[in-house]
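No lab work stands behind these numbers, since they all come straight from the coordinates. Keep in mind that what you see is a predicted model, and the values were worked out from it rather than measured. Every residue, glycine among them, receives a Cβ derived from its backbone with ideal geometry; neighbour counts consider all protein chains shown.
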Amino acid sequence: MTQEAEGVAKEGAVKEGLAKEGVCRESQTNSAPLFRRTPRLDYPSSDQQRQVLRDYFTTSFDAYTRLFDCLTCEEAFFVKPISLRHPLIFYFGHTATFFINKMLLARLVDSRLDERLESIFAVGVDEMSWDDLDDRHYDWPSVDEVRTYRARLRETVLDIIDYAPLTAPITWQHPWWSIIMGIEHERIHLETSSVLIRQHQLKYVQALSGWEPWQSSGNAPENQLIPVAGGAITLGKDRQSPIYGWDNEYGTHSANVEPFSASQYLVSNGEFLVFVEAGGYRNQHFWTEEGKKWLNFTKRMQPEFWRKKPQGWHLRLMTEEIPMPWNWPVEVNYLEAKAFCNWKASETGLPIRLPTEDEWNLLHKQSGLPANDPETGRWPANLHRDYGASSCPVDRFAHGEFFDIVGNVWQWSETPIYPFEGFEVHPYYDDFTMPTFDGQHNLMLGGSWVSCGNEAQLSSRYAFRRHFFQHAGFRYISSNANLDAPSSHYETDQLMSEYAEFHYGDQYFGVQNFPTALVEHLKPFLQGRPTRKALDLGCATGRASFELARYFDDVTGVDFSARFINLGVQLAREGVLRYALCDEGELQLYKTRSLVELGLDHVKAPLFIQGDACNLKPLLTDYDLIFAANLIDRLYEPSRFLTEVHKRIVPGGLLMIASPYTWLEEHTPRSAWIGGYKKDGESYTTLDGLKDRLGAHFRLLAEPVQVPFVIRETSHKFQHSLSEMTVWERLSDNA
C-alpha cells in the first residue's frame with residue numbers, strides 16, 4: 001500500500017481515495033468533492049479545525065507524493081525535463097523543506113529534520129529568465145532518502161496539527177498560518193510539477209491511476225466575439241476573510257472598465273492552427289521585441305505541447321501523446337498568445353488583444369459564477385481535477401454566454417502583476433510576490449484543470465514570466481481602451497527608500513513626521529496672509545509640498561536631485577508610493593503609502609521640477625511662501641541663496657528656514673559656511689549668519705523653534721536630530 005493510501009485509510013478521509021479522483025465521466029453524478037477544497041480557518045471548535053486541517057494536509061501532501069509515481073525509474077528524477085529547471089528530485093523534496101522553513105519562522109518547530117537536504121531543497125525553483133542557464137552542480141540525494149524525509153515531515157506536521165496549542169481563528173498573524181501556507185504551496189507545485197512531467201521524455205513517464213485524461217474530442221467550434229457591458233469592479237481580499245490568501249491578494253483596487261467584446265471560447269487548437277499554417281511563427285512582424293528574442297533563442301515553430309508526426313498533429317499530455325483534439329484549448333505562453341492576437345488584429349481589422357485583469361474580472365462578475373469554491377459537489381468548470389487530468393473541449397462548460405470563464409487552462413492577461421493599495425509582504429514568505437513586481441511577470445487568471453485550493457479562488461493572483469509554460473491558454477478581446485499597466489515598481493535604492501520613509505513612513509519614538517510638523521508650526525503665521533503660491537525648496541521626495549497644498553492654491557517642489565523628485569512625481573501621478581526598507585543585513589521590508597492613506601487625495605498635486613536653490617530659474621518668483629527645510633547647510637553657496645531669495649518672495653510673504661546646522665565640507669566649502677565657527681574670537685552661530693544676511697529684506701517673526709526628526713536606517717538603527725525652524729517676513733522695498 002502506498003503512503004497516500006495508508007494515510008487516507010488511517011484518517012478515514014475520502015474513502016474511495018485518489019484512485020477515482022479526476023476520472024472523466026460525462027455521466028458522473030456523484031456530488032461529493034473528490035479533492036479537498038481550501039478550508040475555512042474560523043471554526044469555533046478547535047477539534048473541528050484540527051480535523052479539517054488534518055484532512056486538507058494529508059490529501060494534499062499524499063497526492064503530491066503520489067504524483068511522482070508516474071516516473072518510470074530513478075533516472076527520471078535526475079534528468080532535467082527542460083534545461084532551465086531543476087530535475088524533478090528537487091521538486092520532490094522542495095515542498096517538504098518549505099514546511100520546515102516556514103514552521104521554524106513561526107516557532108512551531110525548534111529544529112530541522114535534515115540540514116543537508118533542507119539546504120539543497122530550500123531555494124532555486126523559479127527560472128529567472130529564459131536564457132539564464134544554471135549549471136551549478138548539486139549533490140542530489142537518492143529518491144529513497146527523499147521519500148524517507150517526506151515521511152518524517154508528514155509525521156512532524158501531523159503531530160503539530162494534533163497536539164500543538166490552537167486558538168481560533170487562524171489569521172495572517174497566527175503561527176498556524178505557516179501550515180496552511182505550506183499546504184497551499186504544495187498544491188501550487190502539484191500543478192507546476194505536472195507541467196514538468198509533461199515536458200519530460202516519454203520514456204521517463206507512465207500512466208497514473210487517478211490522473212486519466214479527458215476522453216472526448218472533436219472539431220473546434222467557430223469562435224465569435226460577444227459584447228460585454230462596461231462596469232465597475234473592486235478587487236482585493238478582505239483581511240477578515242476566513243479563507244487563506246497569498247500576500248498579493250490583500251488590499252484594494254477599484255476601476256471602471258470600458259465596454260469590450262470577448263471571444264466566446266478559449267482559443268482552441270483548431271483556431272490556433274490557422275495562425276501556425278499562416279506562418280505566424282515565421283513572421284516576426286506579429287511578435288513583441290521580447291517575443292522575437294524568445295523565438296530566436298528557441299527556434300520555435302509551433303506550441304510547446306504539439307507534436308508533428310507522419311500521421312498528423314498530436315498533443316502531448318502529462319504521460320502520453322494523443323491525436324490532436326482540435327476542440328481543446330491551445331496551451332501557449334504569453335508571447336505566443338500576444339503574437340496570435342496581433343495576427344488576428346491584422347486579419348480582422350479589429351483591436352484584438354488579451355484581456356486585462358480588470359476586464360477578466362468584469363467578465364467573471366457578469367457570468368454569474370460563484371466567487372469561491374462550492375462547499376459540496378464539483379465545480380461547473382474543469383477545475384480541481386473534478387472531471388479529468390487534462391484539458392477538455394472548449395465548448396463543454398458554459399458560463400452564461402461564454403465558456404470556460406474559469407477552468408480548463410489558465411488564461412494569460414495583459415496585466416503585469418502589481419500590488420494592490422495596502423499590500424504588505426507576509427514575514428513568513430517575503431519572496432513569494434516581491435520578485436514578480438518587475439513588470440516582466442504577467443497575471444494568469446481562472447485556473448486550469450489541475451488548479452486546486454487557493455488557485456481556484458477568484459481572489460487568487462498568480463503571475464509568471466511571459467515565456468513560461470503552464471497549463472495555460474487564452475481568450476482574446478476587442479477593445480479600444482488604452483492599456484495602462486499599473487505600476488509594480490518598488491524603490492530599492494537605500495537613500496531613496498530612507499527618504500521615502502522619512503517623508504511618508506511610520507513615526508518612531510513618538511516623534512511627529514518632520515515635514516508635517518514644520519507645516520503645523522507654520523500654520524499660525526499664515527493667518528490673514530495671501531496663500532496663492534508656495535515654493536518648497538529642497539523638497540526631496542515631496543511630503544512638505546503635498547502638505548503645503550492643503551493651504552496654498554499652487555505649490556511647486558524643487559530639488560537638485562531628479563531621483564528624489566521622481567518619487568514625488570510618482571505619488572502625484574499614481575497616488576501610491578512603494579519602497580523597500582533595510583530590515584537587517586540583506587533582509588528587507590516593503591512599504592506602500594497612498595495619498596488616500598495620508599489624507600492628501602483631495603489636495604491639488606504639486607508641480608515638481610529639478611532646480612538649483614543657488615541658481616533658480618527666472619520663472620520661480622512671486623511667491624507668498626518659500627519653504628526651505630534642511631536645505632541651508634547642504635548648499636554650496638548658502639550666502640548667495642540668502643542674499644537673493646527676497647527677489648522670489650512678494651512683500652509681506654514668508655520665508656521658512658529649518659536646519660540642524662550640520663555643516664560638512666563635503667556639501668559646503670568651509671569658507672562658505674554662514675555660521676558654526678569663531679568670528680572675532682566669539683562664537684558665531686548659524687542663526688547669527690541668517691540674521692546678518694536676511695536682515696536687510698526680512699524680519700524674524702518669532703523665536704526659533706526646535707523641531708525633532710528621526711531618520712530610520714535599519715530596524716535597529718535610527719538618527720535622532722533637532723532642526724531649528726525660523727520664520728521670516730519679507731519687508732516692502734521701501735522699508
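Note down the net charge around Gly473, summing +1 for each Lys or Arg and -1 for each Asp or Glu among other residues with Cβ under 11 Å from its Cβ.
Values: positive: Arg475; negative: Glu271, Glu331, Glu336, Asp404.
So the environment of Gly473 carries a net charge of -3.
Calculated FRET efficiency, Asn283 and Glu320, Cβ-Cβ r, R0 51 Å, to nearest 0.05?
Numbers: r = 33 Å, r/R0 = 0.64.
Here the calculated transfer efficiency is 0.95.
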Dipole of the chain [Lys/Arg +1, Asp/Glu -1 at C-beta], most positive-end residue of Ala389, Leu369, Ala262 = Ala262
Once Lys and Arg are counted +1 and Asp and Glu -1 for all other residues with Cβ under 13 Å from that of Gly230, the total becomes -2
Entries in Lys533/Lys591; Lys533/Lys604; Lys617/Lys679; Lys203/Lys338; Lys293/Lys338; Lys203/Lys293 that, when Cα-Cα distance is taken, lie over 23 Å | Lys533/Lys591; Lys617/Lys679; Lys203/Lys338; Lys203/Lys293
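Considering only the other residues whose Cβ falls under 12 Å of the Cβ of Gln264, what net charge follows from Lys and Arg at +1 and Asp and Glu at -1?
Working: positive: Arg475; negative: Glu222, Glu271, Asp395, Glu401, Asp404.
Summing Lys/Arg as +1 and Asp/Glu as -1 gives -4.
For Cα pairs less than 8 Å apart in space and 6+ apart in sequence, what is the mean separation divided by the residue count of region 494-730, i.e. the relative contact order in percent?
Working: 462 pairs, mean separation 48.4, N = 237.
It rounds to 20 percent for region 494-730.
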So, relative contact order of region 336-476 in percent, Cα under 8 Å, 6 or more apart, is 30 percent
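Run the numbers for Ile82 and Val274: contour at 0.36 nm per residue of separation, minus the present Cα-Cα distance, in nm.
Details: separation 192, 0.36 × 192 = 69.12 nm, distance 2.78 nm.
Length gained, Ile82 through Val274: 66.3 nm.
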Listed residues Thr436, Val425, Ile405: farthest to the positive end of the dipole of region 362-445 (Cβ charges) | Ile405
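Which of the trypsin sites (Lys or Arg not before Pro) found in region 602-675 are in a DSSP loop and have at most 13 neighbouring Cβ atoms, other than their own, within 10 Å? The partial results should precede the final answer.
Working: sites: Lys604, Arg634, Arg640, Lys647, Arg648, Arg670; in loops: Lys604.
Those that pass, being in a loop and sparsely packed, are Lys604.
Assign unit charges at the C-beta atoms only (+1 for Lys and Arg, -1 for Asp and Glu), then state the dipole size of the chain relative to its Cα centre in Debye, rounded to the nearest 20.
Details: 72 positive and 99 negative charges, 190 e Å.
Computed charge dipole of the chain: roughly 920 debye.
Starting from 0.36 nm per residue, how many nanometres of slack lie between Glu597 and Ala371 once their C-alpha separation is accounted for? Provide the component values of the computation, followed by the final result.
Details: separation 226, 0.36 × 226 = 81.36 nm, distance 2.81 nm.
Stretched out fully, the Glu597 to Ala371 stretch lengthens by 78.6 nm.
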To the nearest Å, what is the center-to-center distance of region 654-709 and region 396-439, using C-alpha atoms only?
-> 55 Å
Length-normalised contact order for the chain - Cα pairs under 8 Å, 6+ apart - percent = 11 percent
Give the distance, in whole Å, between the Cα centre of region 479-514 and the Cα centre of region 520-537.
-> 26 Å
Mean residue ellipticity (222 nm) of the chain, computed from DSSP H runs ≥ 4 via -39,500 (n - 2.57), nearest 500 | -8500 deg cm²/dmol
Which of the lysines could a cross-linker bridge to Lys678, judged by Cα under 20 Å and excluding same-chain residues fewer than eight apart?
-> Lys691
If r is the Cβ-Cβ distance from Arg300 to Gln215 and R0 is 35 Å, what FRET efficiency results, to the nearest 0.05?
-> 0.75
When Asp144, Asp583, Asp114 are ranked with the fewest other C-beta atoms within 10 Å first, the list becomes Asp144, Asp583, Asp114
